[in-house]
Every structure is written in structure tokens, then in C-alpha cells.
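Trainee: Sharing a structure with you now.
The values are calculated or read from the model by the stated rules, or taken from the named source; none is laboratory data. Keep in mind it's a predicted model, so treat the numbers as computed, not measured. A quick note on method: Cβ atoms are made from the backbone with ideal geometry, for glycine too, and the neighbour counts reach across all protein chains shown. These area figures cover heavy atoms from the full protein model, side chains too; ligands, DNA and RNA do not enter into them. Shrake-Rupley method; radii C 1.70, N 1.55, O 1.52, S 1.80 Å.
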Protein chains: 2
Amino acid sequence: MSQFQFDLHHTDAHSRARRSTFHTPHGPVEMPAFMPVGTQGTVKGLTIDMVRETKAQMVLSNTYHLALRPTEKVVKELGGLHGFMRWAGPILTDSGGFQLFSLAQMTKITEQAAVFRSHIDGSLLELSPERAIQIQEDLGSDVAMVLDHVIALPAEDVAIRAACERTIRWAGRCQAAAKRPEQAQFAIVQGGLNPKMRVWCAEELAKLDFPGYAVGGLSVGETPAEMYAVLDEVCPAMPVNKPRYLMGVGTPQDLLNAVRRGIDLFDCVLPTRNGRNGMAFTDNGPLKLKNLKHQLDTQPVEAGCPCPCCQHSRGYVRHLFMADEMLGPMLLSAHNLTYYQRLLTGAREAIEQDRFVQYYDQKLAGWKKSTEAAA
Amino acid sequence: MSQFQFDLHHTDAHSRARRSTFHTPHGPVEMPAFMPVGTQGTVKGLTIDMVRETKAQMVLSNTYHLALRPTEKVVKELGGLHGFMRWAGPILTDSGGFQLFSLAQMTKITEQAAVFRSHIDGSLLELSPERAIQIQEDLGSDVAMVLDHVIALPAEDVAIRAACERTIRWAGRCQAAAKRPEQAQFAIVQGGLNPKMRVWCAEELAKLDFPGYAVGGLSVGETPAEMYAVLDEVCPAMPVNKPRYLMGVGTPQDLLNAVRRGIDLFDCVLPTRNGRNGMAFTDNGPLKLKNLKHQLDTQPVEAGCPCPCCQHSRGYVRHLFMADEMLGPMLLSAHNLTYYQRLLTGAREAIEQDRFVQYYDQKLAGWKKSTEAAA
């Protein structure tokens with residue numbers, strides 16, 4: 001019997017929002033869930049105890065970055081990702097497909113593999129579906145993502161179709177390359193902004209019976225409305241009895257919109273990246289802590305938030321940023337990650353009680369109150 | 001009755017090492033004690049909970065830095081330093097004298113005040129003894145340091161004597177300026193490397209009956225042997241029934257050498273600064289975590305250390321530094337501060353049991369084992 005199991009508990013009566021549990025060898029993930037991003041084997045600015053205190057259940061780490069440095073062999077020697085980071089819960093690793101597209105200087109892509117230059121030292125490297133799986137098996141994550149072919153949008157239908165077809169063939173090769181039963185693979189649906197292509201790709205991948213499915217190639221410059229339109233089409237085409245993961249998304253508003261359309265899992269650098277830049281997410285919309293108006297503000301960033309930032313005043317947090325102290329980014333990263341977890345905890349409760357749409361409306365109304373634009 | 005009290009419990013049978021408790025309005029400090037430095041109202045790289053977990057009892061913050069940014073008025077509005085940092089224990093603030101000497105571009109020093117240019121924006125400012133006390137009263141620290149006149153070493157005897165005399169007169173003016181009974185002032189003994197001047201300065205200041213005394217103007221380029229020679233002379237000239245604070249010192253070896261000569265209190269940026277640079281203090285001497293030899297090392301930085309760093313492998317910590325991740329400096333700063341607290345906890349126990357000299361010998365033998373030079 002598989003160590004992975006997906007239990008769909010309930011679907012909201014007035015939307016497609018789902019309440020589920022995904023079981024892994026390192027424990028369950030209550031969904032909908034948000035994964036903090038630990039690109040290089042660390043969630044930027046937080047100790048692993050602080051990550052745990054945000055109530056994160058599962059973390060993501062990046063195959064591309066770790067394969068380049070310190071290399072998957074070093075991570076394996078140091079206990080795999082769980083031992084390396086000292087994270088006892090579930091871990092998901094991406095395949096490197098997105099970083100080949102966004103970070104590396106890709107030099108050639110063939111049916112066999114992507115050839116690219118490292119963004120660190122310019123060395124020439126190759127990433128094939130088989131190699132992407134071998135790296136992730138060495139990293140020892142609970143969930144490995146298949147290697148997909150991400151392309152820039154907008155693109156011609158013929159290019160989107162070719163990338164989809166390759167993504168499907170590569171998914172099969174990833175599946176065939178798997179050696180570790182304690183690692184599940186999720187396939188990735190591509191197809192750009194073309195709804196027919198997305199549905200076709202989802203249906204083709206469904207035939208391969210992966211333990212989970214992701215929507216990839218979004219959050220690459222399209223509008224939120226375009227992204228939501230894709231989700232409207234693609235979610236119903238994805239298997240009901242498998243977790244659905246929307247990769248690299250997004251703002252709090254994006255998360256609730258995607259949950260509403262049937263997405264179960266997310267990851268995004270926004271809470272930590274914006275935190276490092278002095279921006280806080282709250283139920284009353286974003287705060288920019290560097291603003292002078294916070295100088296003498298004795299309120300916490302958000303009243304009632306249990307994070308280590310919210311025991312301090314906004315004035316103190318502002319001072320940390322003005323004085324260029326590490327603690328500013330550390331505290332706002334912890335706050336934002338805690339905020340995301342609180343947002344999804346609330347979403348899970350709302351779905352259970354068939355009031356997700358109210359929850360959505362209430363959160364959106366709060367976010368619109370802010371007079372400070374999001375970064 | 002004063003809210004400050006110094007209880008001298010025991011003096012080691014074979015050295016001048018003292019075991020004592022200093023009581024403050026924010027709780028007791030078991031001495032000998034080490035204060036982590038929170039220059040700008042934050043101990044660099046640690047949340048305030050992490051500072052507490054190092055077992056630090058009292059923290060230091062810098063008047064010069066806080067007066068320039070965010071200003072003492074802002075700190076006062078935000079609850080004083082205790083509310084600002086959310087540190088419930090005792091806080092000591094320095095007077096700014098040392099930073100005038102080391103950081104600011106001092107433009108003129110007269111009997112009235114030091115005139116200097118801010119290192120942040122070049123603006124012209126004045127620091128008199130009265131102003132140094134007013135700032136520290138606004139900051140709300142438990143212990144305020146008097147404004148002293150620090151001079152560069154080596155110096156002519158006549159210059160050292162003039163600085164000493166001014167330091168004594170300024171100490172009297174600081175005392176006269178005090179308005180808050182919940183703040184104690186410590187006087188600062190100057191006198192360069194001239195033992196007679198040091199003793200004379202200590203005796204003159206003793207007449208003013210301060211609740212505590214510091215040795216200042218050391219750790220400014222002299223050799224350890226020169227510093228220890230000054231302590232040999234000056235400690236016996238300082239009041240027995242008052243805490244003795246050696247400012248800005250030092251390495252673990254310096255701390256034990258000073259405790260042995262009768263010093264009770266320390267502060268230094270070394271644990272955090274070296275931590276940020278990849279250097280760890282251990283009982284077996286310093287480790288440089290960036291060294292290649294730690295790449296595959298599954299051992300913690302120091303076995304048995306309860307700090308958040310030592311739950312990880314050396315290999316992981318090395319990776320964090322190579323990948324330029326914030327967590328590297330965070331973890332090694334926490335480790336080094338925990339190491340300093342462990343060192344002084346051990347010293348207190350050793351003094352109580354009249355085996356401080358053995359403790360000293362044992363630690364020194366361990367530190368000499370290292371093949372990696374200290375930073």
C-alpha cells in the first residue's frame with residue numbers, strides 16, 4: 001500500500017473549494033495548504049523553529065539551486081533534505097524546469113534534455129527527466145515534481161502545443177525513472193493561456209495516474225483574470241481524487257481565488273520576498289513599514305497575530321528597516337508566512353462550514369481598505 | 001531604599017574571581033556576566049526570543065546610535081528600550097563616549113561637551129555629560145554609563161592625565177544630572193596603560209560612590225598582556241562592594257583572564273560579528289565554517305550545545321555561508337552568544353567551588369587545540 005493517500009473530506013456547497021488531507025511518509029498536510037519556499041534549503045530569514053511556529057506543514061525546496069550548490073550528493077551525505085534543513089514534516093521539491101526558464105541561460109533544449117549554463121559560475125550542465133528525478137531522489141523529498149517544459153507567454157499555439165507534448169512525454173519518463181516508493185511524483189499541466197490545450201494536457205496526464213497534479217507555467221506575467229480563467233477550465237479536467245497544486249502562486253487574493261476554483265496546494269516567494277522589502281500582509285491590506293507614518297506607531301503590524309513580529313510595535317519594525325538591521329526582514333518574513341498560514345487555516349474552516357464564499361468576500365473587503373499599495 | 005543592590009557571595013580561594021548578584025528594577029544579574037550587544041536596539045541576527053534562549057540576562061544598547069536614529073524621543077514614545085526591543089530583563093546603555101572616539105568625526109572637545117559629526121548624515125551634534133544622561137533616561141535603561149573622555153593609545157602621560165581629570169569631572173556632572181531613581185549610573189575608570197593613573201582615577205571616582213564602576217579605554221589596540229597588566233593594578237583599587245564592568249571586552253580568553261583578576265561584567269560585539277563572518281567559538285577553539293573541510297561534516301558546530309545552530313550539521317552551516325543565506329549569520333551569532341553564556345555559567349559554578357583556576361586552565365587547553373585561527 002502506498003505511503004501517500006489523498007482524502008477529500010468536503011467540497012464547499014457554493015464554490016469548488018475543497019477540504020482534504022494529503023498523507024505523506026513525513027506526516028499529513030491539511031489542505032488547502034501553503035508551502036513556504038526554502039530555495040537553497042532554508043526559508044530566507046527564519047530558523048527552522050520559526051518556520052514551524054508559522055504553522056507551515058510542508059516546505060518546498062528547489063532542485064535547480066541545490067543541484068548546483070551544494071549539489072545533491074552533499075545534501076544526501078548530510079541526511080537528505082530532512083536532515084539537512086532539520087525539517088521533520090513533508091517536503092516537496094520542484095524539478096528545476098521553471099528555473100531553467102527563469103534563471104539559467106538555457107542554451108539548447110532537445111527531446112533528451114535541457115542544456116543550460118549555471119547562473120552561479122556559468123558552467124555547462126544538462127537536465128533530463130531522468131536526471132531531475134535522480135536529483136530529487138538524492139534530495140529525499142516526499143514529493144518530486146516531474147521535469148516540464150516551461151515557455152514564455154504569450155506564445156503561438158504551435159509552440160504551446162509542442163511544449164505540452166514534450167511535458168507529457170517527459171512526465172512518462174520521470175515516472176519510469178522512479179526508484180523510491182517513499183517519494184511521490186506530481187505531474188505538471190502546461191498549456192499557456194489556451195484553455196483547450198490546458199484541458200487536453202490535464203486529460204493526457206490523468207491517464208498516467210500520478211499521485212498528484214500541478215498547474216505550471218502561470219504567474220509568469222499574465223493578469224490575475226487570465227490566470228483565474230485558466231483555473232476555471234483546467235480544475236474540472238484534473239482528477240478529483242488527487243491533490244491539485246498551483247505552482248508559484250501568489251498574492252493572498254490569488255490564493256483564495258484559486259481555492260475557490262478547486263486548488264489545494266500553493267507555494268510562493270512573495271511572503272518572504274516582500275517581507276525582506278518592508279511590506280507586511282494583513283487583513284486590512286498591505287502595510288509598508290518604511291513609511292514615515294509608522295515612526296511613532298505603537299500598534300503591532302497586526303493585532304492578535306501570534307508571530308514574533310507582532311509582539312513589537314510598527315515603530316520598532318520601521319526603525320529596523322531604516323537602520324538596515326537583519327531583524328527587520330526576519331520579523332516581516334515570519335509575519336507574512338504566519339499570515340499566509342492563518343489565511344489558509346481560516347479557508348479550511350470556512351470550507352468545512354460551507355461558508356467559503358463569505359470568507360472570500362470578507363477577506364477581499366478587508367484587503368481593499370489599505371491605502372498603501374502592495375509591492 | 002535603592003532598587004539596585006550588589007551582593008558579593010564569594011571570592012575564589014585561588015584567584016580574585018568573584019561570584020555575585022547585581023539586582024536591578026528589571027531583575028537580577030548573576031555575575032560574572034556577559035551582555036550581548038544590541039547596538040541599534042537589536043542584537044544583530046537574533047529575535048528577542050532567541051536572545052533570551054542564549055540565557056543572556058542583561059543586554060547592552062548604544063546611546064550614540066539610538067540618539068542619532070531613531071532618536072531617544074522615538075524610543076521613549078515606543079515604550080523606552082524595554083518596550084522597544086521587548087526585552088523584559090535589565091538593560092545597560094553606554095554613554096556614547098566610545099563611539100565619539102571610534103565612529104564619529106569629533107570636531108571639538110571642550111570642558112562643556114564634545115561636538116561631533118554624525119556618521120550617518122554628517123550633521124553637527126553636541127554631547128555633554130548632561131545630555132548623555134538625559135538621552136539615557138529617555139531610553140529608560142537600568143544602568144546608564146557616564147560620559148567619559150576616551151583617547152587613542154599610546155598617548156603622552158599629560159594627555160592621559162587630562163582625559164582622566166575630565167572624565168572624573170564629567171562623572172560628577174552626570175551624577176548631578178540624574179533624575180530617575182530607577183536608573184543607576186556606573187562611572188568609568190580611564191588612564192590608558194599607565195597603572196598609576198588608572199589607580200588614581202579609580203580612587204577619585206570611588207569617592208563619588210557610584211553604584212558600579214567600569215574599566216574603559218581598553219581593547220583599543222593594546223596587547224592582551226598589556227590589558228591584563230592594567231587589570232592587575234586597577235581591580236584592587238576599585239570598590240569591593242560594587243560591580244566591576246570591563247567595557248568592550250573580548251575573546252573567551254580575555255573574559256576568563258579578566259574574571260580571574262576580579263571583573264564581574266562584560267560586553268563585546270565579537271560573538272555576533274565573528275558569527276556573521278562564519279566563525280564559531282567552541283571549547284576546542286575557533287571553527288571557520290567556510291572551510292572546505294566542513295563540507296560533508298555531519299557533526300554539529302559543538303556537540304551538546306543547546307543553541308539553534310547545533311541542531312544542524314557543520315556541512316549545512318557551511319552551505320548557508322557559501323550560498324550567502326541570512327540563516328548562516330543568524331545561526332552562528334546565536335551559537336557564539338550561547339557559547340559566551342555557557343562559558344560564564346561555568347565560570348560562576350567554578351568560582352562557587354573554588355576551582356576557577358582549574359576551569360581557566362581547562363578552557364585554555366581546549367582552545368589551544370584548534371588548528372583554525374580566530375578571525
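Trainee: Within region B:114-139, track down each residue that is in a helix (DSSP H, G or I) and open to solvent by less than 30 Å² (accessible area, probe 1.4 Å).
Mentor: Those that are in a helix (DSSP H, G or I) and open to solvent by less than 30 Å² (accessible area, probe 1.4 Å): B:129, B:132, B:133, B:135, B:136, B:137, B:138, B:139.
Trainee: If I ask for residues that are open to solvent by 20 Å² or more (accessible area, probe 1.4 Å) and of a type in the set (D, E, K, R), which ones from region A:28-80 would you list?
Mentor: Listed by number, the residues that qualify are A:30, A:44, A:49, A:52, A:53, A:55, A:69, A:73, A:76, A:77.
Trainee: Which one of these is among the β-branched types (Val, Ile, Thr), touching a Pro at 6+ places or on another chain (Cβ under 9 Å) and in contact (Cβ under 8 Å) with a residue 12 or more places away in the chain: A:189, A:150, A:215, A:146?
Mentor: From the options A:189, A:150, A:215, A:146, the qualifying one is A:146.
Trainee: Any residue at all in region A:102-120 that's farther than 23 Å from residue A:186 by Cβ, within 12 Å of chain B (Cβ to nearest Cβ) and modelled with pLDDT under 95?
Mentor: First pass over region A:102-120, keeping only residues farther than 23 Å from residue A:186 by Cβ: A:105, A:107-108, A:110, A:115, A:117-120.
From the residues that got through so far, the ones that are within 12 Å of chain B (Cβ to nearest Cβ) too are A:120.
Subsequent filtering for residues that are modelled with pLDDT under 95 retains A:120.
For region A:102-120, residues farther than 23 Å from residue A:186 by Cβ, within 12 Å of chain B (Cβ to nearest Cβ) and modelled with pLDDT under 95: present.
Trainee: Looking at this structure, is residue B:253 of a type in the set (S, T, N, Q), touching a residue at least 60 places away in the same chain (Cβ under 8 Å) and assigned to a helix (DSSP H, G or I)?
Mentor: When the stated conditions are applied, residue B:253 passes them.
Trainee: What pairs can you find where one residue is in region A:235-246 and more than 14 Å from residue A:184 (Cα to Cα), the other is at pLDDT 95 or above and of a type outside the set (A, V, I, L, M), and their Cβ atoms are less than 6 Å apart, with a gap of 6+ or different chains?
Mentor: Listed pairs, sorted by first residue: A:235/A:261; A:235/A:262; A:237/A:203; A:238/A:213; A:238/A:244; A:246/A:266.
Trainee: How many of the residues making up region A:160-202 are farther than 19 Å from residue A:227 by Cα, of a type outside the set (Lys, Arg) and open to solvent by 40 Å² or more (accessible area, probe 1.4 Å)?
Mentor: Result for region A:160-202: 7.
Trainee: Can you name the residue in region A:286-336 that is under 19 Å from residue A:52 (Cα atoms), away from chain B (no Cβ under 11 Å) and touching a residue at least 12 places away in the same chain (Cβ under 8 Å) and is also surrounded by the fewest Cβ atoms within 10 Å (Cβ to Cβ) among such residues?
Mentor: A:306
Trainee: Here's a check for you: in region A:214-230, which residue that is of a type outside the set (A, V, I, L, M) and crowded, with 24+ Cβ neighbours inside 10 Å is farthest from residue A:32 (Cα to Cα)? Let's see the steps before the verdict.
Mentor: Filtering region A:214-230 for residues of a type outside the set (A, V, I, L, M) gives A:216-217, A:219, A:221-224, A:226, A:228.
Pick out the ones that are also crowded, with 24+ Cβ neighbours inside 10 Å and you get A:216-217.
Values: A:216: 17, A:217: 20 Å.
It comes out as A:217.
Trainee: Is there any pair with a first residue in region B:347-370 that is among the charged types (D, E, K, R) and a second that is open to solvent by 90 Å² or more (accessible area, probe 1.4 Å) and not in a helix (DSSP H, G or I) whose Cβ atoms are under 9 Å apart and which are 6 or more apart or on different chains, and what are they?
Mentor: Note: pairs meeting the criteria are B:352/B:9; B:354/B:14; B:355/B:14.
Trainee: Here's something else I'd like to know. Before we move on, is residue A:270 in contact with a Gly (Cβ under 8 Å, 6 or more places away or on another chain) and open to solvent by 10 Å² or more (accessible area, probe 1.4 Å)?
Mentor: Yes, satisfied.
Trainee: Let me ask something else about it. Is it the case that residue B:278 is buried (at least 21 other Cβ atoms within 10 Å of the Cβ) and on the phi > 0 side of the Ramachandran plot? Break it down into steps so the answer makes sense when it comes.
Mentor: Numbers: buried (at least 21 other Cβ atoms within 10 Å of the Cβ): yes; on the phi > 0 side of the Ramachandran plot: yes.
Yes.
Trainee: Now for a separate question. Count, please, the residues in region A:3-51 that happen to be on the phi < 0 side of the Ramachandran plot, in contact (Cβ under 8 Å) with a residue 24 or more places away in the chain and within 14 Å of another protein chain (Cβ to nearest Cβ).
Mentor: Residues flagged as on the phi < 0 side of the Ramachandran plot, in contact (Cβ under 8 Å) with a residue 24 or more places away in the chain and within 14 Å of another protein chain (Cβ to nearest Cβ) within region A:3-51 amount to 12.
Trainee: Could you list all residues from region A:81-101 that are of a type outside the set (Phe, Trp, Tyr), buried (at least 16 other Cβ atoms within 10 Å of the Cβ) and within 13 Å of chain B (Cβ to nearest Cβ)?
Mentor: Result: A:81, A:82, A:83, A:85, A:86.
Trainee: Please work out which one of (1) more than 14 Å from every other protein chain (Cβ to nearest Cβ); (2) crowded, with 20+ Cβ neighbours inside 10 Å; (3) within 18 Å of residue A:271 (Cα to Cα) is the condition residue A:356 fails and give its number.
Mentor: Condition (3) is where residue A:356 drops out.
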